[in-house]
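Inspection log for the structure reproduced underneath, given as structure tokens.
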There are 4 protein chains.
Amino acid sequence: MASLSKSLYAIVAGVGPGTGGAVAKRFAKAYPVILLARQEASYKATVDEITQAGGRAIGVPTDVSDAAAVKHALETATASKELQLDANAKLVAAVYNASVFVMKPFLELEKEDLDKSLQVNAYGFFNFAQATLPHLLKAVESDTPHPPTLIVTGATAAIRGSAKFAGFAAGKFAKRAITQSLAREFGPQGIHVAHVIIDGGIKSPRYDNGIKDGMLSPDAIADSYWYLHTQPRSCFTQELDVRPYVEKF
Amino acid sequence: MASLSKSLYAIVAGVGPGTGGAVAKRFAKAYPVILLARQEASYKATVDEITQAGGRAIGVPTDVSDAAAVKHALETATASKELQLDANAKLVAAVYNASVFVMKPFLELEKEDLDKSLQVNAYGFFNFAQATLPHLLKAVESDTPHPPTLIVTGATAAIRGSAKFAGFAAGKFAKRAITQSLAREFGPQGIHVAHVIIDGGIKSPRYDNGIKDGMLSPDAIADSYWYLHTQPRSCFTQELDVRPYVEKF
Amino acid sequence: MASLSKSLYAIVAGVGPGTGGAVAKRFAKAYPVILLARQEASYKATVDEITQAGGRAIGVPTDVSDAAAVKHALETATASKELQLDANAKLVAAVYNASVFVMKPFLELEKEDLDKSLQVNAYGFFNFAQATLPHLLKAVESDTPHPPTLIVTGATAAIRGSAKFAGFAAGKFAKRAITQSLAREFGPQGIHVAHVIIDGGIKSPRYDNGIKDGMLSPDAIADSYWYLHTQPRSCFTQELDVRPYVEKF
Amino acid sequence: MASLSKSLYAIVAGVGPGTGGAVAKRFAKAYPVILLARQEASYKATVDEITQAGGRAIGVPTDVSDAAAVKHALETATASKELQLDANAKLVAAVYNASVFVMKPFLELEKEDLDKSLQVNAYGFFNFAQATLPHLLKAVESDTPHPPTLIVTGATAAIRGSAKFAGFAAGKFAKRAITQSLAREFGPQGIHVAHVIIDGGIKSPRYDNGIKDGMLSPDAIADSYWYLHTQPRSCFTQELDVRPYVEKF
């Protein structure tokens, strides 16, 4: 990675041991990467792994539901020595992976549950998009290898409101609504806005259904995000579904 | 309307001169009706019209984004002398029609815009559903002429996020998500939960495209809500679209 | 039914003891009705029932996959003494309910299976629509009580291709495609084109899941078709789903 | 391409100068490829191009609506000296790209128009899938680098029936129905079945809207097919949309 860019960088919000971390590592093969998570513990191992592999990364503890915090994190990170960016470096990839899980019978659902879902999925993504889109627009004018990209992690609950999932689906539907709206507003301006529907369980050390390849591999998901990023603007995908081969759908 | 029920009643939230008022008048032909709107001015004419036609109605100024206010309005109204309800009267129809319009380029959209949309569409409907569902469940046990019904007014923006509609669509998608979730949780318990996609402009004194029948008539929309309410539980519709014959879609 | 129309009539293709028969009986309360089915045995009891109830009906044995046969049936029936129609009587409602069931593992599916599905759903509906639309267009110019209507019976398989349903879904998807295309072409000309998704089992003497109201009642489905027919052109529904309250979806 | 496989091969049906040819060339970088088209003229240039680039390819003039012809083409090609395949070589990628365009006001649409659309999209794909799936199933047992894949080219008309597109959409909807059904039946058996929605014009020497990157590039589409093929079975995409950045949707 000696040739890692000084003029381009990426950001991933919602980094943990699963999808977010895998996406950060995948994009770190090409770009210095900013990692956001509420807690340092969530991204620290990934930052270390990227650095040890010869990449450049910095984590910033950030509550995405706080607009000022998101903007501040972006400014702080791009100015940091860890990323070694040029003064006019461009943001070419922004991935929003922050999430929260809520599942309750509707009459037991509390306002706080709905808050959690909407704060992360609607307000958090709103903040992240407002902070990153002006930078992505600047990259359009440059001759970047791939079109500036905004990728959003969705779920089955983004297209289907199941019993006991009112709070969870409200947030996921809202996030998909915003993503579609951005695709239609910023696509013609040259920004690739894509929504990925994760349909199935994601494999992790503590969660494995025991079926070989029977759960989504975070690395494979990350590859799909990278593929989306590499699509030329003559051929943009707006929505991609991914699921393990054994998943019922 | 001499035979207007004393044991059954309906509630409509989001009453104004358009759809909400027309729905209230339609349901008032069969049931005493509670009308909610933020301002008394929004529902007063409709309440008068219902009363003069021999129906029974009461309006309660209510901010649906305030959970306690919604519950209080329901209690106050059912106890009011205007509705003349029996002590154990049952709620058989609840219509959520509250809405707000937001349209802005995304980078000009402010948190307050997103708030407005989510407060009315997500939190407001959440409050309304939590306040009414326990009452609708009680009606299931009774032998009501039509299954207890919860109808929600949606829009094209509930299934499509267009450019400049990020805030608006976020709320409409979220409301549809909750509605679907409720349909799947409460349908098998006997409650009819339906979402109506209003696709096109609604005719009003100050808004008319000049094409004969070229805009949605509030009375025709109200008829569709009443039809949904009369469906037997062997044949529930979950989602209905309505548009004028000249509408492109 | 003394006042049954002499100037308006309806046609239902695919009449048997279930949905088709119930729809024919429902529309026969307002209009003389033409019933089509491949075999006389399929519609005979319904014709008799309509006649005994004071309505007017005629059945014509017709293979809908034969374009000439469909046109011939329409001509023969309108000229028949049974319907007592005026010379310039208008067709105001055409319902296409013909269907066929196919379910097989894909590698056991034969060309004949695919044929059956496409003949009834694609070619048959194509023939029916081509034969009836010119007549429905003529009715637009008249002052009919309800807009001329073309209603098509669909199924869950019209929006979802499940395992072992390749042949069945191919036909249902194709029929929905044609219906949508007609709605967009003929809607602005004043014809109401609607597609109904029947999602669940239909109750019949030989098919009952034993759950009270747990299967679709043909009469309730027929009521939904009638409701669609009565919508004014300021408020057309293009797609309606119906299912029993206990149905998973 | 010295290391081009002798044990694996691919097949592409519907090869012309656009998508089909580009897909064949893309897959030919890894596998010997069989090209099908009705006329030799459609695939000849692509076969030559592949061969000159060091790949191996053979074209077989085939009417996909003829089941026996499709099976025969597959047998002939795999036994041909051009591909240099081992006796037990496995089919690992099958792409169905055959299409035909129909656009007419509905009342001018003839049975032959509907035939054309259904023959290519429904019957043709049915034949192709029945001929290739048994071979793809055999490849599952082998340790192929990528899961055996069946990719189908769809269009906007596969999810939307527009005015004047009844015939075209009927075929595209039917093809999508079959694809979904196959994904649900053969996915759990390890075969990746994917449907691609081409939403926008495809650039060609005789068709260019003059906007830079304003039309779909066949090579970019081909890359997306190759990406789908390389997805591991823990992360299958079932449906992918692609469109130029300027496309309205």
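The values are calculated or read from the model by the stated rules, or taken from the named source; none is laboratory data. These numbers come from a predicted model, not from an experiment. Positions of Cβ are backbone-derived with ideal geometry, glycine not excepted, and every protein chain shown enters the neighbour counts. These accessible areas exclude ligands, DNA and RNA; they are computed on the full protein's heavy atoms, side chains included. Shrake-Rupley method; radii C 1.70, N 1.55, O 1.52, S 1.80 Å.
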Requested in this report: Could you state the angle between the C-alpha long axis of helix D:166-186 and the longest principal axis of the C-alpha atoms of chain D, as a value from 0 to 90 degrees rounded to the nearest 10?
Outcome: 40 degrees
Requested in this report: Could you tell me, in Å, what Rg and Dmax come out for the Cα atoms of the protein assembly as shown?
Outcome: 29.6, 93
Requested in this report: For A:E40 paired with D:K138, estimate the spin-label separation in nm (one decimal), with each label point 7 Å from Cα along the Cα-to-Cβ line.
Outcome: 6.0 nm
Query raised in the report: Mind checking the mean number of beta-carbon atoms from other chains within 10 Å of the Cβ atoms in D:156-165?
Result: 5
Report task. Would you work out the charge dipole size for the protein assembly as shown about its Cα centre, treating the Cβ of every Lys and Arg as +1 and the Cβ of every Asp and Glu as -1, and quote it to the nearest 20 debye? Result -> 0 debye
Report task. Distances from C:P105 to the same position in the other copies: list them in nm, one decimal, shortest first, using label points 7 Å from Cα along Cα→Cβ. Result -> 4.2, 5.0, 5.9
Query raised in the report: Mind checking which of A:K116, A:K104, A:K44 has the largest fluctuation in a GNM of chain A, springs on alpha carbons under 10 Å?
Result: A:K104
Query raised in the report: Using modelled backbone amide H atoms (1.01 Å from N, in-plane), which distant-in-sequence or interchain residues come within less than 5 Å of A:A155's amide H?
Result: A:I198
Query raised in the report: Which value, in debye to the nearest 20, gives the size of the charge dipole of region C:8-242 about its Cα centre, when Lys and Arg are +1 and Asp and Glu are -1 at the Cβ?
Result: 180 debye
Query raised in the report: Nearest-to-axis residue of chain A, judged by Cβ, for the A-to-D rotation, with distance in whole Å?
Result: A:Y227, 2
Query raised in the report: Which ³J(HN,Hα) values, rounded to whole Hz and listed in residue order, are derived for region B:209-215 from phi using the Karplus coefficients 6.51, -1.76 and 1.60 in 6.51 cos²θ - 1.76 cosθ + 1.60 with θ = phi - 60°, glycine and proline given as x?
Result: 7, x, 8, 4, 6, x, 10
Query raised in the report: In the structure displayed, which of D:K44/D:K71; C:K25/C:K81; C:K172/D:K90; A:K248/C:K104; C:K175/D:K71; C:K111/D:K29 lie more than 24 Å apart, Cα to Cα?
Result: C:K172/D:K90; C:K175/D:K71; C:K111/D:K29
Query raised in the report: What gaps in nm, shortest first, separate D:H72 from its twins in the other copies when you place the label 7 Å past Cα toward the beta carbon?
Result: 3.7, 7.6, 8.3
Query raised in the report: Which ³J(HN,Hα) values, rounded to whole Hz and listed in residue order, are derived for region A:37-44 from phi using the Karplus coefficients 6.51, -1.76 and 1.60 in 6.51 cos²θ - 1.76 cosθ + 1.60 with θ = phi - 60°, glycine and proline given as x?
Result: 7, 5, 10, 4, 4, 6, 10, 4
**Report entry** Buried solvent-accessible surface, both chains (A, D), 1.4 Å probe, Å² to nearest 100
**Finding:** 2700 Å²
**Report entry** Under 19 Å from the D:E110 label point (7 Å along Cα→beta-carbon), backbone N, region C:116-149
**Finding:** C:123-124, C:126-131
Query raised in the report: Of D:I11, D:I34, D:I178, which has the largest mean-square fluctuation in a 10 Å C-alpha GNM of chain D?
Result: D:I178
Report summary line: Taking alpha-carbon centroids only, region D:178-215 lies from region B:111-173 a number of Å equal to 36 Å
Requested in this report: Order the peptides C:180-188, B:179-187, D:163-171 from the highest to the lowest mean number of other Cβ atoms within 10 Å of their residues.
Outcome: D:163-171, B:179-187, C:180-188
Query raised in the report: From the label point of A:K29, set 7 Å along Cα to the beta carbon, how far off in nm is each other copy's matching point, shortest first?
Result: 1.4, 6.6, 6.7
Report summary line: CD proxy, 222 nm, chain B: helix-only mean residue ellipticity via -39,500 (n - 2.57) per DSSP H run with n ≥ 4, per residue, nearest 500, stands at -12500 deg cm²/dmol
**Report entry** Residues in region B:222-249 occluded by at least 50 Å² - accessible area, probe radius 1.4 Å, against chain by itself
**Finding:** B:Y227, B:R233, B:S234, B:C235, B:F236, B:D241, B:Y245, B:F249
Query raised in the report: Helix A:19-28 versus the longest principal axis of chain A: what angle, 0 to 90°, nearest 10, using Cα atoms?
Result: 20 degrees
Requested in this report: Among DSSP beta bridges lying fully in region B:8-242, give the percent that are antiparallel, nearest 5.
Outcome: 5 percent
Query raised in the report: Any idea of the accessible area per residue across chain D, 1.4 Å probe, to the nearest Å²?
Result: 37 Å²
Requested in this report: Work out the FRET efficiency for D:F249 and A:H72 from their Cβ-Cβ distance, taking R0 = 35 Å, and round it to the nearest 0.05.
Outcome: 0.50
**Report entry** Fraction of antiparallel bridges per DSSP, the protein assembly as shown only, in percent to nearest 5
**Finding:** 5 percent
Query raised in the report: Based on the alpha-carbon gyration tensor of region C:137-249 and its eigenvalue square roots a ≥ b ≥ c, which shape applies: rounded if a/c is under 1.5, prolate if not and a/b is larger than b/c, or oblate?
Result: oblate
Query - Members of region A:172-204 that become less accessible by 50 Å² or more once partner protein chains are added (1.4 angstrom probe, chain alone as reference) - result: A:F173, A:A177, A:S181, A:R184, A:E185
Report task. Quantify, in whole percent, the carbon and sulfur part of the accessible surface of the protein assembly as shown (1.4 Å probe; protein heavy atoms only). Result -> 52 percent
Report summary line: In a Gaussian network model of chain A with springs linking alpha carbons closer than 10 Å, the residue among A:E239, A:E112, A:E75 that fluctuates most is A:E112
Query raised in the report: Which residues' amide hydrogens lie under 5 Å from the amide hydrogen of C:Q238, considering only partners 5 or more residues apart or on another chain, with H built in the peptide plane?
Result: B:D241
Report task. Within a 10 angstrom radius of each residue's Cβ in C:206-214, how many Cβ atoms of other chains show up on average? Whole number is fine. Result -> 1
Report task. Could you run the Debye sum over the Cα atoms of region D:1-144, one equal point scatterer each and no solvent, and tell me log10 of I(q)/I(0) at q = 0.17, 0.21 Å⁻¹, two decimals? Result -> -0.88, -1.26
Report summary line: Long-range amide H partners of B:A94, meaning residues 5 or more apart or on another chain whose placed amide H is closer than 5 Å, are B:I11, B:T149, B:L150, B:I151
Requested in this report: Go from 0 up to the bin containing the longest alpha carbon distance in chain D, width 10 Å each, and give me the % of pairs per bin.
Outcome: 8, 32, 38, 18, 4, 0
